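Beneath this line is the structure, given in structure tokens, with notes to follow.
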Amino acid sequence: MRQKMNILFVISEAEPLIKVGGLGDVGGTLPLALINLPEDLTEQTEIDIKVVIPYHDHIKQKQWPVEPVASFQVLSRNGFIKTDVFRALNTDLPVFLVDGEPIRNTGTYNNNTYIDTKKYTYFSVAALAFCRTIKWKPDILHAHDWHTAAAIQKLSQIRSYDTFFSHTKSLFTIHNLPYSGGNHPDILYLFDIHQAFDPEIPDFMRNLPMAIGLDAADHINTVSKTYAEEILTDGFGNGYQNYLRSHSEKVSGIINGIMMDQWNPSAEKVLYKNYSVDTLSDRIENKRMLQQEMWLSQKDQTILFVMVGRMTYQKGFDLCVQALRQMRDQDWQIIILGTGEDSIQKACLSLSNEFPDRVRTELRYDEPLSRRMYAGGDVLLMPSRYEPCGIAQMISMLYGCIPVACSTGGLKDTIKDPFDHPTDYTGFLFSNPDVSAAEWAIRRSIAYYQDQQNWSQIQIRAMKQDFSWRNSAKEYFDLYKSLQICE
Ligand code: ADP
């Protein structure tokens, strides 16, 4: 008989309805990859997945077509809250939108942590109530980051006595551990969510949504295997390391995939010239035109670095800025694209002022330019101090732009360095997030770049990497299955 697996996938964002960051990519793509897993990989299991997100104001403003599917009340200590759920139309994604007073008239994320915590705690509780209303029993509750942690805790509280949820198992995926949510015990009380009680969680963190989700989850995973190991250490654990270490048997990692067809240099219209591994010699046109677009001199032999991303401490742009400053003896150019913290923007601008003929800094979000940079740049610099997964390095490899990155989290898991992979390396890694290590790795990339024939081989290997969701979706399926089995 064909088996069925019901997955309740609760998350704060899912593209194409709403995307603020990488979470939106995962919310929109992993569920589709799961549904599309071939039957031989799922042992003929029929996967029924419901993606549940808040009906954010932004989605309403876009006037995305929806149909009503359920109307019910959510209990709080201040009385019932009328809740409506709509299904989004015109999308392959089975996505359901929860609407109620704490969600209305809020930003997707709010600077005010009280508003945010109330919005997402209510949303988490409502997602479970929705399942009961439509009489759809989830086998797996899969929640993501602090926003949906309360669903995990609520489930663990009710399933001991509530037969509807007695067989539901929970998976909590950490996309970014330092973001823990607000400390608001009164909101937890409002929705009857218990605080984290494990003795290994520091007292001052017991009411944080992230702590509550970690404590109550049947299993915890992060978005790369290396980050799953790193969060057990003092340097990356953000206060949770003792708890995570003492429960390491329930912590694992699965790398995120990307939609490979959305990042294809042979088909994109915004590039100056399309190319593939078979027409790699055409790629140089993109470098020349990018240099021209950026008012840099058109020199084929000069290595062109690119740096794209949010300008936050995490991303480590400052490390490469200083390393390049120390490498004035070398022939290089760099284009930097990003927005973020003032001090990092200023550091990038000051490099432009010091090297006006070599450096361009563009302080904006510009996706077409980012694609032209991946297509025209020789090397992507990605010196993140920590990187749970990271997708920029995967995209750049698919474009033949070779990454130089810090050996952390998903960067370590997706980039192969010549030291560990002498015959099939795809980039260059440095171990410590400091200036001299970054400089050392950048100098290595310049040395390898001198041998253009070998460089083309590195590019071809990088462009042939499989970063699709398929393998990771299968790993998620296997994880769901293992949770189902252990009653
Ligand atoms: P994070 O999700 O931590 O910001 P990732 O590497 O996972 O980092 O994803 C960043 C994505 O956002 C990449 O696709 C990158 O190209 C894109 N991006 C970041 N900043 C910009 C920008 N200023 N302009 C265009 N694209 C950007």
#### Entry: Residue list for the range 172-192, filter: assigned to a loop (DSSP other than H, G, I, E, B), closer than 30 Å to Asn256 by Cα and hydrophobic (A, V, I, L, M, F, W, C)
Leu177
### Message
Give me the residue from the range 94-105 that is surrounded by fewer than 18 Cβ atoms within 10 Å (Cβ to Cβ) and not acidic (Asp, Glu) and, out of that set, nearest to the chain's Cα centre (by Cα).
### Response
Pro94
### Task
Would you please list the contacts, defined by Cβ atoms under 7 Å and residues six or more apart or on different chains, that run from a residue in the range 370-383 that is under 13 Å from Lys273 (Cα atoms) and acidic (Asp, Glu) to a residue that is part of a helix (DSSP H, G or I) and away from the ligand (no atom under 11 Å from the Cβ)?
none
### Query
Quick check: is even one residue across the range 27-40 closer than 26 Å to Val223 by Cβ and of a type in the set (Val, Ile, Thr)?
yes
### Message
Exactly one condition in (1) assigned to a loop (DSSP other than H, G, I, E, B); (2) under 24 Å from Val85 (Cα atoms) is false for Pro38; which is it?
### Response
(2)
## Note on the structure
Of the conditions (1) closer than 18 Å to Leu380 by Cα; (2) charged (D, E, K, R); (3) at pLDDT 95 or above, the single one that Asp278 does not satisfy is (1)
### Query
Checking Leu290 against (1) within 16 Å of the ligand (Cβ to nearest atom); (2) part of a helix (DSSP H, G or I); (3) under 20 Å from Ala437 (Cβ atoms), which single condition isn't satisfied?
(3)
#### Entry: Residue that is nearest to Ser281 (Cα to Cα) [pool: residues in the range 306-333 that are part of a strand (DSSP E or B) and within 15 Å of the ligand (Cβ to nearest atom)]
Val306
### Summary
If we ask which residues in the range 149-171 are among the basic types (Lys, Arg) and within 16 Å of Gln195 (Cβ to Cβ), their number turns out to be 1
### Query
Given the structure, is Gly21 under 23 Å from Ala217 (Cβ atoms) and modelled with pLDDT under 90?
yes
### Task
Output the residue which, of all residues in the range 221-244 that are of a type in the set (D, E, K, R) and either in contact (Cβ under 8 Å) with a residue 40 or more places away in the chain or in a loop (DSSP other than H, G, I, E, B) (or both), is surrounded by the most Cβ atoms within 10 Å (Cβ to Cβ).
Glu230
## Note on the structure
Residues in the range 310-332 that are surrounded by 24 or more Cβ atoms within 10 Å (Cβ to Cβ) and in contact with a Lys or Arg (Cβ under 7 Å, 6 or more places away or on another chain) total 1
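The values are calculated or read from the model by the stated rules, or taken from the named source; none is laboratory data. Only a predicted model underlies this, so the values are computations on that prediction, with no experimental measurement involved. Note that we place each Cβ from the backbone using ideal geometry, even for glycine, and neighbour counts take in every protein chain shown.
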